[in-house]
Structure formats: C-alpha cells, structure tokens
Amino acid sequence: MEGHDPAVPNVLVLNPGFAERNKIDSVKALIDYLKANPGKANAGSSGNGTSIHLAAELFKSMTGTRFEHVPFRGSGPAVTALMAGDVDFMFDNLPSSMGGIQSGRLKALA
C-alpha cells in the first residue's frame, strides 16, 4: 500500500495506581519490582500469540522476571482493563495507548 508504514512503535504502559503504589518510574524500577515479587504482577495482552504477548514474553525472558499473562480479545479490551486496574502493565502498539497516555490514565515507561 502506498504511504503505509508497516512499522508501528510499541510502548510499555502501566496502570498509574500500580506504578505509584510500587514506586515504579522507570523500566529498571519495574524489573526490580518484578524480581522482588515473582508472579505477583500481571501483564495484559491483545491475545495469546500476538506481537504484544510475545513482547511481554521476550521481556520476561530477557530480564529473568516472572509475571502472569492475561490475554484479552484485542488491544481495546486490554487497554481498558489496564486503565481500570484489572492488569498491572502491558506492551502495546503506541496508537492504541496514546489517548490513555495523554490523559494520564496510563503511565508510559518506554
């Protein structure tokens, strides 16, 4: 397609309440929290096997952390659950999280 950019940036976003309660203001602070609390946090995704899910699994593997995966049926429901505090963090395509980031309903780390 002409004018179509296949590269869509991803963003690591947190529920602001989760971030505040646990003093997470950087990727390093998130990794430290996850290592100190294995399996206690959860990460949403747009579904099993999606690029968002795989990004979380790669993050888990690269950082040696443990957290629960919570799959949703699409990015919209996952972002809604993240803003509601039903999940703690997720990797997402930037366009679907941008409104939440700009309104302060999501905290972007990277």
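Below are the figures for this structure:
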{"quantity": "Residue 49 vs. criteria in contact with an Asp or Glu (Cβ under 7 Å, 6 or more places away or on another chain), open to solvent by 20 Å² or more (accessible area, probe 1.4 Å) and either at positive phi or not charged (D, E, K, R) (or both)", "calculated": "no"}
{"quantity": "Residue ranges of strands (runs of 3 or more DSSP E) in region 1-91 with at least 2 members of a type in the set (Ser, Thr, Tyr) and in contact with a Gly (Cβ under 7 Å, 6 or more places away or on another chain)", "calculated": "none"}
{"quantity": "Which numbered condition residue 63 misses (of (1) of a type in the set (Ser, Thr, Tyr); (2) open to solvent by 30 Å² or more (accessible area, probe 1.4 Å); (3) more than 19 Å from residue 81 (Cβ to Cβ))", "calculated": "(2)"}
{"quantity": "Options 94, 82; residue that is aliphatic (A, V, I, L, M) and more than 22 Å from residue 22 (Cβ to Cβ)", "calculated": "94"}
{"quantity": "Number of positions in region 58-78 that are out of contact with any His (no Cβ under 9 Å at 6 or more places or on another chain) and either closer than 13 Å to residue 12 by Cβ or of a type in the set (Ser, Thr, Tyr) (or both)", "calculated": "8"}
{"quantity": "All positions within region 66-92 that are of a type in the set (A, V, I, L, M) and open to solvent by less than 20 Å² (accessible area, probe 1.4 Å)", "calculated": "78, 79, 81, 82, 87, 90"}
{"quantity": "Selection status of residue 32, open to solvent by 40 Å² or more (accessible area, probe 1.4 Å) and farther than 15 Å from residue 108 by Cβ", "calculated": "yes"}
{"quantity": "Near pairs, Cβ below 6 angstrom, 6+ apart or cross-chain, from region 78-100 (more than 21 Å from residue 34 (Cβ to Cβ)) to any residue that is crowded, with 18+ Cβ neighbours inside 10 Å and of a type in the set (Ser, Thr, Tyr)", "calculated": "96/75"}
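The values are calculated or read from the model by the stated rules, or taken from the named source; none is laboratory data. It should be emphasised that the depicted structure is a prediction, and the values quoted were computed from it without experimental measurement. Using ideal geometry, Cβ is built from the backbone for each residue, glycine included, and neighbour counts are taken over all protein chains shown. In case anyone asks, the SASA skips ligands and DNA or RNA and just uses the protein heavy atoms, side chains included. Shrake-Rupley method; radii C 1.70, N 1.55, O 1.52, S 1.80 Å.
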